[in-house]
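Only one structure is covered here, and it is reproduced in the block below.
Readers should treat all values here as calculations from the given coordinates under stated rules, not as data from a laboratory. Source: prediction; values computed, not measured. Glycine gets a Cβ as well: all are built from the backbone with ideal geometry, and neighbour counts include every protein chain shown.
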Amino acid sequence: MSIRLKQLVDSLGGQLIGDADIEIFGIAPLNDATVTEVTFLSNPKFRIQATQSQAAAIILSAEDDVIVGASYRGARIIASNPYVYFARTAQFFAALNAPVVPAGVHPSAVVDCSAQVAMTAFVGANAVIEAGAIIGDGVYIGSGSVIGRAVKIGAMTHLHANVTIYAECEIGRRAIVHSGAVIGADGFGFANDGGKWIKIPQIGRVLIGDDVEIGANTTIDRGAMTDTVIEEGVKLDNQIQIAHNCHIGAHTAIAACAGIAGSAKIGKYCSIGGAAMIHGHITIVDHVHVSAGTLALRSILEPGQYTGFYPIAKHGDWEKSAALVRNLSTTREKIRALEKTIKQLTEKTHEQS
Amino acid sequence: MSIRLKQLVDSLGGQLIGDADIEIFGIAPLNDATVTEVTFLSNPKFRIQATQSQAAAIILSAEDDVIVGASYRGARIIASNPYVYFARTAQFFAALNAPVVPAGVHPSAVVDCSAQVAMTAFVGANAVIEAGAIIGDGVYIGSGSVIGRAVKIGAMTHLHANVTIYAECEIGRRAIVHSGAVIGADGFGFANDGGKWIKIPQIGRVLIGDDVEIGANTTIDRGAMTDTVIEEGVKLDNQIQIAHNCHIGAHTAIAACAGIAGSAKIGKYCSIGGAAMIHGHITIVDHVHVSAGTLALRSILEPGQYTGFYPIAKHGDWEKSAALVRNLSTTREKIRALEKTIKQLTEKTHEQS
Amino acid sequence: MSIRLKQLVDSLGGQLIGDADIEIFGIAPLNDATVTEVTFLSNPKFRIQATQSQAAAIILSAEDDVIVGASYRGARIIASNPYVYFARTAQFFAALNAPVVPAGVHPSAVVDCSAQVAMTAFVGANAVIEAGAIIGDGVYIGSGSVIGRAVKIGAMTHLHANVTIYAECEIGRRAIVHSGAVIGADGFGFANDGGKWIKIPQIGRVLIGDDVEIGANTTIDRGAMTDTVIEEGVKLDNQIQIAHNCHIGAHTAIAACAGIAGSAKIGKYCSIGGAAMIHGHITIVDHVHVSAGTLALRSILEPGQYTGFYPIAKHGDWEKSAALVRNLSTTREKIRALEKTIKQLTEKTHEQS
């Protein structure tokens, strides 16, 4: 499906310079965009590429337009934040092209008679809704997903195929949960009785706010006695592990393969890099950025970026530096010995002079 | 549901001081517990909080009771290991509140006619039991789980929703397997034929002992020619990868996101921290503790704690230390040069004196 | 089922020395093989074990046969690459012992009327095939797997149970996808609008070549605007994350728990170790080997092995070396001070002499 450029600007705002009637079929990157697509410029270093783009129209800042506008042949949309404008444009086309999902429960789905499924919700093939679950308006439950007892899912939330939600967990409105995600499995809680592990039943829940996105195969454990909480607007990539009783502040983004250990508290507007690991029972304040591959062992109480991973090198060079890292105490001893010798030498030399 | 405090002590032992008839509805942490809940004190540093707890009763050691007992207003249960006693109390309430699961096979489940399912077992909606599988007494198979050909599952084992067990694997009694776990997928075995990888069929099984717990989205690969073995009482958190032909000793606990490479042998009573990685074909003896985020490259033949991750720092500080780590050989050369110069100087100074 | 040794050599080649009519029931490692099994020797250091093996026959190189052949009592198959020959032998037996899978769609599976499923394909119990999907000849779709709208799956590809393929993705021929794998979930793409994250719809696909193997619970995200590409012969272990718009070159092997961030381009014939992490938007050329637990932050433009992880040590030793790593700038300052002092001393000593 296509639109006129005018429709886009009428809907999203911004200042249009050029032909408002151009027919647009979609979006594309600067280099790939064709004469029927919209593109965007958000990084000034691609200005020259922008002037040469074949795109029908370009979204850019007023600042970049001063340079690009002179030589670019297509229409321009001036926006205060071109990347955000591009994201909304992409959403506009995605909505246009989305397959229509009819409301209703697929005949192969199994819905417990005590569950409440809104008339406008969709429940896919072979999905299972257990007793007492409440499925809100416009919710989409993908094929093969299993919604546990007494789960609540807010309006317009989209669960892809093969998602699992354990009993009593709650998900807000407009959330997106990708396939293979498991919400509400037992936290890892055991008491050690002479070497053997005695399970501590995990009776807390997982509470997930509005507008949260949860990636494929990500796991969020239920709390031990109280709840695990994911605040509104949090974005979780794939294969993340969030342990019991964690609290993730609003609008924090966590990249793939990260792990958050039990009872860790992460503030709002943080970012956690891929494969970063956050230790249990620590606090990270708002606006902290933990780099990829970094293990945060202690609380971080000051905003900023924090990093800690071993620098990559050719294997032979790494072997040398790793051996020296192991022996840094020897290095320190050598330096101390040198300092002592030099002190003695200096004294001696002074005496002699 | 509620109980009298007496019922708890009658069932679990310990010395009760105070009103045996108090009505108890559940458990809660020291600070959150209300007058109808039991709490516990396992760490002496929370003694003052314990004296102020609103809980109806507290589980604590005789040693802590000497201090806490004087001012705490509720009932006290003296136990030799309060944390274990608390775990058993939590299990007591969990059993009380557990929804009753009727035995039987849900009409939407698909059970092969050659599979044997105990009369007392439960098979959930849209679950699949393939040919020749044997499902023991009181086993719970969650909705959407797929049990492969000739799998054996021991009595009272609980598989949550959307678990996958490949053909011929065996799980012991009273095990718990969380959603998304995959037991028995092919190990990663290939022979390299001039750059191309030739698959080595993986014909071993996975053998899992009694009382093992396996976390959400954890994967345990089948052996190449012989079996992958998880001994009794092992506890595996979420998103752990255990490769083909590993052997994990009894009562070892492994935290989330850890990876155990092929043919590694880990002893009994070990603990492996979150995101730790154990190299292939190495041996780790009993009672070894590998810290989070640590890569164990060689065998560990002596009990103790082992660690190896780069310390986190503000990004700028990390950049400096990382650059220096890369150049440690230069540092070593400088020290050697200094040592040489000083030796010469010392000799010269001695000559002069 | 069993075969005569002759049948194996007729099928796979190699030079047979000994009784061609021995009956063989399977394969086994050197130490475990019995008189009805074939074994192999690929590492010369096991020559002595080879001479003592009970195996009916051994696969080995001409070079090793000079030593082993003299004293080993069974039949020998001389092969140029014994490990590859062993892999093919294992495949030979696996094919012999594989349960016969009848073609057809299980009555409990849900196949959209607009999907095309080849007559020779198999669709397992409670699997779901959505609108417009095309399932090729001899394809196996495991129980509970969900194949999205307009997905294409090439001939002879095998999807195990509980696999999820999102809409529009394509998989080549003879691929193997293990349980819990999720192909085509949304990439992690958001624009930041004053602290809140605005989703960028992910409209690219995942394109997977022929002969690719994908491990259990591995996730491969669809591209943002263009496609994520996995070339032919790539082998992916379990729990790997491949982000949007990555490109993985042919015959590259990636071990478990590795993560490849967005738009990374990895060459052909590479190997990426377990839990290694590849940064976004970097390029790794052909024939690069990244060690386990290593984070590759920048492009690698020269073949070779690259490593970077902190060496494991006893915890107390690590604490010391980690403290020193944090303070390497202090070490450098001390060395500079020493250098300066020594320079002054040297000058002074020269003056005095």
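Working carefully through the options C:R88, C:R76, find the one that is over 18 Å from B:I198 (Cβ atoms) and either touching a residue at least 40 places away in the same chain (Cβ under 8 Å) or surrounded by fewer than 17 Cβ atoms within 10 Å (Cβ to Cβ) (or both).
Numbers: C:R88 fails: over 18 Å from B:I198 (Cβ atoms).
The match here is C:R76.
Would you mention how many residues in segment C:1-14 are touching an Asp or Glu at 6+ places or on another chain (Cβ under 9 Å) and either surrounded by fewer than 17 Cβ atoms within 10 Å (Cβ to Cβ) or among the acidic types (D, E) (or both)?
First, pick out the residues of segment C:1-14 that are touching an Asp or Glu at 6+ places or on another chain (Cβ under 9 Å): C:2-6.
Adding the requirement that they be either surrounded by fewer than 17 Cβ atoms within 10 Å (Cβ to Cβ) or among the acidic types (D, E) (or both) leaves C:2, C:4, C:6.
So the answer is 3.
Taking B:D137 as the residue in question, decide whether it is in contact (Cβ under 8 Å) with a residue 40 or more places away in the chain and either crowded, with 20+ Cβ neighbours inside 10 Å or over 17 Å from B:A109 (Cα atoms) (or both). Reasoning before the result, please.
Details: in contact (Cβ under 8 Å) with a residue 40 or more places away in the chain: no; either crowded, with 20+ Cβ neighbours inside 10 Å or over 17 Å from B:A109 (Cα atoms) (or both): yes.
For B:D137, the condition - in contact (Cβ under 8 Å) with a residue 40 or more places away in the chain and either crowded, with 20+ Cβ neighbours inside 10 Å or over 17 Å from B:A109 (Cα atoms) (or both) - is not met.
Please find, within segment C:220-233, the residue that is nearest to A:A216 (Cα to Cα) out of those that are touching a strand residue (DSSP E or B) at 6+ places or on another chain (Cβ under 8 Å) and part of a loop (DSSP other than H, G, I, E, B).
The initial filter retains those residues of segment C:220-233 that are touching a strand residue (DSSP E or B) at 6+ places or on another chain (Cβ under 8 Å), namely C:220-223, C:225, C:227-231, C:233.
Then drop every residue that is not part of a loop (DSSP other than H, G, I, E, B), which leaves C:222-223, C:225, C:227, C:231, C:233.
Numbers: C:R222: 12, C:G223: 15, C:M225: 19, C:D227: 18, C:E231: 22, C:G233: 24 Å.
Out of the qualifying residues, it is C:R222.
Which of the residues spanning segment A:46-66 are polar (S, T, N, Q) and closer than 20 Å to A:A90 by Cα? Break it down stepwise before answering.
Here is the first cut: in segment A:46-66, the ones polar (S, T, N, Q) are A:49, A:51-54, A:61.
Hits for segment A:46-66 are A:S53, A:Q54, A:S61.
Report the residue count in segment B:81-96 for those that are facing chain A (nearest Cβ under 8 Å) and either assigned to a helix (DSSP H, G or I) or of a type in the set (K, R) (or both). Write out each step before concluding.
Looking only at segment B:81-96, we keep the residues that are facing chain A (nearest Cβ under 8 Å), and these are B:81, B:83-84, B:86-88, B:90-91, B:93-94.
Those still in the list that are either assigned to a helix (DSSP H, G or I) or of a type in the set (K, R) (or both) too: B:83-84, B:86-88, B:90-91, B:93-94.
Counting residues in segment B:81-96 that are facing chain A (nearest Cβ under 8 Å) and either assigned to a helix (DSSP H, G or I) or of a type in the set (K, R) (or both) gives 9.
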Any hit, segment C:163-170, residues being more than 22 Å from the chain's Cα centre (by Cα) and among the polar types (S, T, N, Q): no
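Kindly provide the set of residues from segment A:320-329 that are of a type in the set (S, T, Y) and either over 14 Å from C:A322 (Cα atoms) or within 7 Å of chain B (Cβ to nearest Cβ) (or both), ordered by number. Walk me through it before giving the result.
Of the residues in segment A:320-329, the ones of a type in the set (S, T, Y) are A:321, A:329.
Result: A:S321, single match.
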Filter pass, A:A33 being among the hydrophobic types (A, V, I, L, M, F, W, C), surrounded by 20 or more Cβ atoms within 10 Å (Cβ to Cβ), within 14 Å of chain C (Cβ to nearest Cβ) and within 26 Å of the chain's Cα centre (by Cα): no
Candidates C:I284, C:I254 - the one that is away from chain B (no Cβ under 11 Å) and of a type in the set (V, I, T): C:I284
Neighbours by Cβ (under 7 Å, 6+ apart or cross-chain): first from segment B:9-27, within 14 Å of another protein chain (Cβ to nearest Cβ); second surrounded by fewer than 13 Cβ atoms within 10 Å (Cβ to Cβ) and not charged (D, E, K, R): B:F25/B:S2
Residue check for A:R332: more than 19 Å from B:L338 (Cβ to Cβ), touching a helix residue (DSSP H, G or I) at 6+ places or on another chain (Cβ under 8 Å) and more than 8 Å from chain B (Cβ to nearest Cβ): no
Selection within segment C:107-118 - more than 7 Å from chain B (Cβ to nearest Cβ) and either within 21 Å of the chain's Cα centre (by Cα) or assigned to a loop (DSSP other than H, G, I, E, B) (or both): C:P107, C:A109, C:D112, C:C113, C:S114, C:A115, C:A118
Selection from segment B:294-311 of residues that are hydrophobic (A, V, I, L, M, F, W, C), within 7 Å of another protein chain (Cβ to nearest Cβ) and assigned to a strand (DSSP E or B): B:L295, B:A296
In segment A:241-251, the residues that are of a type outside the set (A, V, I, L, M) and either within 14 Å of chain C (Cβ to nearest Cβ) or in a strand (DSSP E or B) (or both): A:Q241, A:H247, A:G249, A:H251
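Can you name the residue in segment B:153-168 that is crowded, with 24+ Cβ neighbours inside 10 Å and away from chain A (no Cβ under 14 Å) and, of all such residues, is farthest from B:T219 (Cα to Cα)? Give the derivation first.
Initially, segment B:153-168 is screened for residues crowded, with 24+ Cβ neighbours inside 10 Å, giving B:153, B:157, B:159-166.
Filter again for away from chain A (no Cβ under 14 Å), leaving B:153, B:165-166.
Details: B:I153: 17, B:I165: 10, B:Y166: 11 Å.
Per the criteria, the residue is B:I153.
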Residue within segment C:130-144 that is out of contact with any helix residue (DSSP H, G or I) (no Cβ under 8 Å at 6 or more places or on another chain), more than 11 Å from every other protein chain (Cβ to nearest Cβ), part of a strand (DSSP E or B) and among the aromatic types (F, W, Y) present: yes
Selection from segment C:269-285 of residues that are part of a loop (DSSP other than H, G, I, E, B) and within 16 Å of the chain's Cα centre (by Cα): C:Y269, C:C270, C:G273, C:G274, C:A275, C:A276
Looking only at segment C:223-240, and only at residues there that are buried (at least 24 other Cβ atoms within 10 Å of the Cβ) and away from chain B (no Cβ under 14 Å), the one that is nearest to A:I27 (Cα to Cα): C:A224
Selected residue (only one of A:I77, A:I58 is touching a Ser or Thr at 6+ places or on another chain (Cβ under 7 Å), away from chain C (no Cβ under 12 Å) and not in a loop (DSSP other than H, G, I, E, B)): A:I58
Of all residues in segment A:172-197 being aliphatic (A, V, I, L, M) and not in a loop (DSSP other than H, G, I, E, B), the one that is farthest from A:I214 (Cα to Cα): A:A191
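So which of C:A121, C:A131, C:A191 ends up being more than 28 Å from B:A216 (Cα to Cα), of a type outside the set (S, T, Y), over 21 Å from the mean Cα position of the chain (by Cα) and crowded, with 21+ Cβ neighbours inside 10 Å?
Working: C:A131 fails: crowded, with 21+ Cβ neighbours inside 10 Å; C:A191 fails: crowded, with 21+ Cβ neighbours inside 10 Å.
Just one listed residue meets the conditions, C:A121.
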Test: B:N238 is of a type outside the set (K, R), assigned to a loop (DSSP other than H, G, I, E, B) and under 13 Å from the mean Cα position of the chain (by Cα): yes
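Taking segment C:198-219 only, how many residues are in a strand (DSSP E or B), facing chain A (nearest Cβ under 9 Å) and buried (at least 22 other Cβ atoms within 10 Å of the Cβ)? Show your work before the answer.
Here is the first cut: in segment C:198-219, the ones in a strand (DSSP E or B) are C:198-199, C:206-208, C:213-214, C:219.
Subset that is facing chain A (nearest Cβ under 9 Å): C:198-199, C:219.
Narrowing further to those that are buried (at least 22 other Cβ atoms within 10 Å of the Cβ): C:219.
Residues meeting the conditions: 1.
Can you find even one residue in segment A:312-324 that is in contact with a helix residue (DSSP H, G or I) (Cβ under 8 Å, 6 or more places away or on another chain) and either in a loop (DSSP other than H, G, I, E, B) or buried (at least 20 other Cβ atoms within 10 Å of the Cβ) (or both)? Spell out the reasoning first.
Here is the first cut: in segment A:312-324, the ones in contact with a helix residue (DSSP H, G or I) (Cβ under 8 Å, 6 or more places away or on another chain) are A:312-313, A:317, A:320-321, A:324.
Still in the running and either in a loop (DSSP other than H, G, I, E, B) or buried (at least 20 other Cβ atoms within 10 Å of the Cβ) (or both): A:312, A:321.
Among the residues of segment A:312-324, at least one is in contact with a helix residue (DSSP H, G or I) (Cβ under 8 Å, 6 or more places away or on another chain) and either in a loop (DSSP other than H, G, I, E, B) or buried (at least 20 other Cβ atoms within 10 Å of the Cβ) (or both), which makes the answer yes.
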